[in-house]
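Structure, as structure tokens:
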Amino acid sequence: MRLLLDTHIWLWALLDPGRISSAATRAVEDGRNELWLSPISVWECLLLARRGRITLDADPNLWVKDALRSFPLRDATMTRDIALVSRTVDLPHEDPADRFI
């Protein structure tokens, strides 16, 4: 199965695995699943670090590079078509990052 990780699932898997539900943990750890990450999640991680909402043990850019090397993920492509469709998704909030993800 292909799983596109939400930014917080990706970060919690690396920083605080206890915050992830057991079902999500099993899905992330299941080697049969392909794990994908949007470039928007990298952008959101850097924003969270800059705003002090997450604490990283290294320079945020270096931390992200190390995290991406240590956690096997595929790159989810961000395209103009995705940007256009993002405004048609019905979400209970207006988080722009979640619209793209």
field: Net charge dipole size for segment 56-98 [Lys, Arg +1 and Asp, Glu -1 on Cβ; Debye, nearest 20]
entry: 260 debye
query: Is segment 29-87 rounded, prolate or oblate when judged by the Cα gyration tensor, a ≥ b ≥ c being the square roots of its eigenvalues, rounded requiring a/c under 1.5 and prolate requiring a/b larger than b/c?
result: oblate
- request: Sort 38-48, 16-26, 1-11 for me by packing, meaning the mean count of neighbouring Cβ atoms within 10 Å per residue, highest on top.
  value: 38-48, 1-11, 16-26
- request: With +1 on each Lys and Arg Cβ and -1 on each Asp and Glu Cβ, and nothing else charged, work out how big the dipole of the chain is about its Cα centre, in Debye to the nearest 20.
  value: 100 debye
- prompt: Here are several values of Cα extents along the principal axes in Å: (1) 36, 34, 24; (2) 74, 33, 21; (3) 39, 36, 21. Which one was derived from the coordinates shown?
  reply: (1)
task: Using Cα pairs closer than 8 Å and at least 6 residues apart in sequence, work out the relative contact order for the chain, in percent.
output: 32 percent
message: Give the residue list of trypsin sites (Lys or Arg not before Pro) in segment 56-90 that are DSSP loop and have at most 14 other beta-carbon atoms within 10 angstrom.
response: Arg87
- request: Specify the inter-centroid distance of segment 45-72 and segment 17-40, based on alpha-carbon positions, in whole Å.
  value: 18 Å
- prompt: Taking the Cα centre of segment 8-54 as the origin, how large is its charge dipole in debye, to the nearest 20, when only Lys and Arg (+1) and Asp and Glu (-1) carry charge on their Cβ atoms?
  reply: 220 debye
field: Positive dipole terminus of the chain, leading residue within Thr79, Leu35, Leu5 (C-beta point charges)
entry: Thr79
message: Could you work out [θ]222 nm for the chain from helices alone, using -39500 (n - 2.57) per DSSP H run of at least four and dividing by all its residues? Round to the nearest 500 deg cm²/dmol.
response: -14500 deg cm²/dmol
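Coordinate-derived values only; no laboratory data. Keep in mind that what you see is a predicted model, and the values were worked out from it rather than measured. Reconstructed Cβ throughout: ideal geometry from the backbone, glycine too, with neighbour counts over all protein chains shown.
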